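Q: Dropping the structure in here first, questions after.
The values are calculated or read from the model by the stated rules, or taken from the named source; none is laboratory data. No experiment lies behind these values; they were computed from the predicted model shown. Counting neighbours? That spans all protein chains shown, and the Cβs are built from the backbone with ideal geometry, glycine included. The area values use the complete protein model at the heavy-atom level, side chains included, leaving out ligands, DNA and RNA. Shrake-Rupley method; radii C 1.70, N 1.55, O 1.52, S 1.80 Å.
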Amino acid sequence: MRKNIVAGNWKMNCDLPMTQDLIAKIITELPDTLNCELMVAPSHPFLYAAFNASLETPIEVIAQNVSQHENGAFTGEVSIDMLQSVGIQTVIIGHSERRNTFLESDQELAEKAKAAIENGMRVIFCIGEHLEQRKTGNHFETVTAQIEKGLFDLTAKEWKQIVLAYEPVWAIGTGETASPEQAQEMHEHIRKFVADKYGDKTAQNVSILYGGSVKSSNATEIFAKPDVDGGLIGGASLDATSFIDIAKAF
Ligand code: 13P
């Protein structure tokens with residue numbers, strides 16, 4: 001069965017005191033039960049502190065990026081082994097900011113996903129179209145091409161470690177959200193695309209998150225859609241109360 005997931009992507013926003021404070025506040029605000037998995041993605045230098053703070057809580061601390069290389073002369077990069085050595089088992093790959101600002105290619109992202117999966121990690125693989133692609137009616141093929149190039153070399157078994165996050169670029173940090181109908185339409189399309197390649201079982205088991213200006217005020221109606229299995233939250237995850245309110249939308 002696929003899982004409901006609410007993940008906070010803190011991007012490059014929190015130093016050590018802010019990271020510690022935010023995770024402590026989230027822990028304080030946790031309700032007795034949640035109907036979703038809860039994840040937070042601090043910046044690399046603070047993963048270990050956050051991981052330690054999350055022990056014995058339902059929160060999973062995850063990473064925002066990882067190198068596809070095992071080790072060696074890659075100044076500034078962080079390896080899978082390094083992440084795992086501080087307790088991290090899930091990583092976001094292919095965020096639109098990595099694709100667009102840091103020009104990570106489909107090929108590079110495929111290598112990252114493959115390396116992470118082969119080393120037993122779970123991957124939250126992001127996809128999403130630009131506004132121009134939506135306006136010209138190319139959003140479906142843009143997104144499915146990203147999935148095909150990034151993940152279709154994996155086996156059905158390896159797909160058990162994949163979570164998809166549909167994040168339309170025009171909705172990220174803009175305050176403009178895809179309507180619940182637009183999200184559902186894309187998620188359904190993605191699931192069918194995965195089913196055509198790997199069969200219904202794999203497609204039904206993959207969680208597909210929506211990201212892009214999700215807030216506590218719109219989470220309930222977005223998460224209510226049958227193919228939306230949660231959210232990847234940017235800005236609203238930087239406030240413990242609003243993040244927990246989003247998680248309670250399930
Ligand atoms: P916002 O929620 O700030 O729009 O960011 C979404 C996002 O990029 C999460 O990865």
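Q: What is the magnitude of the charge dipole of segment 98-250 about its Cα centre, with +1 placed on the Cβ of each Lys and Arg, -1 on the Cβ of each Asp and Glu, and no other charges, expressed in debye to the nearest 20?
A: It comes to approximately 300 debye.
Q: Further question on the same structure: If only Cα atoms are counted, what is the Rg of segment 20-123, and what is its Dmax, in Å?
A: For segment 20-123, the Cα radius of gyration and maximum Cα-Cα distance read 14.6, 46 Å.
Q: Moving on. Among Ala171, Asn35, Gly199, pick out the residue whose Cα is farthest towards the positive end of the charge dipole of the chain, where Lys and Arg carry +1 and Asp and Glu carry -1 on C-beta, about the Cα centre.
A: It is Gly199.
Q: Take every Cα-Cα distance within the chain, group them into 5 Å bins from 0 onward, and report for each bin the whole-number percent of pairs it holds.
A: Answer for the chain: a P(r) of 1, 6, 15, 19, 21, 18, 13, 6, 2, 0 percent.
Q: If you don't mind, there's one more thing I want to ask. Along the charge dipole of segment 46-126, which of Val91, Ile59, Gly76 sits closest to the positive end, that is, farthest toward it, with unit charges on the beta carbon of Lys, Arg, Asp and Glu (+1, +1, -1, -1)?
A: In segment 46-126, that residue is Ile59.
Q: Another question, then. Report the dimensions of segment 140-250 along its three principal axes from the alpha-carbon atoms, largest first, rounded to Å.
A: For segment 140-250, the Cα extents along the three principal axes come out at 39, 24, 22 Å.
Q: Of Lys114/Lys160; Lys11/Lys201; Lys3/Lys135, which ones are farther than 23 Å apart at the Cα?
A: Lys11/Lys201; Lys3/Lys135
Q: With the convex hull built on the Cα atoms of segment 112-172, state its orientation-averaged projected area in nm².
A: So the Cα hull casts an average projection of 4.2 nm².
Q: Determine ³J(HN,Hα), in whole Hz, for all residues of segment 100-106 in sequence, where each value follows from phi through the Karplus function 6.51 cos²θ - 1.76 cosθ + 1.60 and θ = phi - 60°; x replaces Gly and Pro.
A: Taking θ as phi minus 60°, the curve returns 8, 8, 9, 6, 6, 8, 4 Hz for segment 100-106.
Q: Taking the radius of gyration and the Kirkwood hydrodynamic radius from Cα positions alone, what is the Rg/Rh ratio for segment 210-250, to two decimal places?
A: For segment 210-250, the value is 0.92.
Q: In whole percent, how big is the carbon plus sulfur part of the accessible area of segment 34-77, probe 1.4 Å, protein atoms only?
A: Accessible surface attributable to carbon and sulfur in segment 34-77 totals 51 percent.
Q: Here is a further query. Where the centroid of each part is defined by its Cα atoms, how far is segment 209-250 from segment 1-78 in Å?
A: If you average the Cα positions of each part, the centres end up 16 Å apart.
Q: For the chain, what is the accessible area per residue in Å², given a 1.4 Å probe and the full set of protein chains?
A: 45
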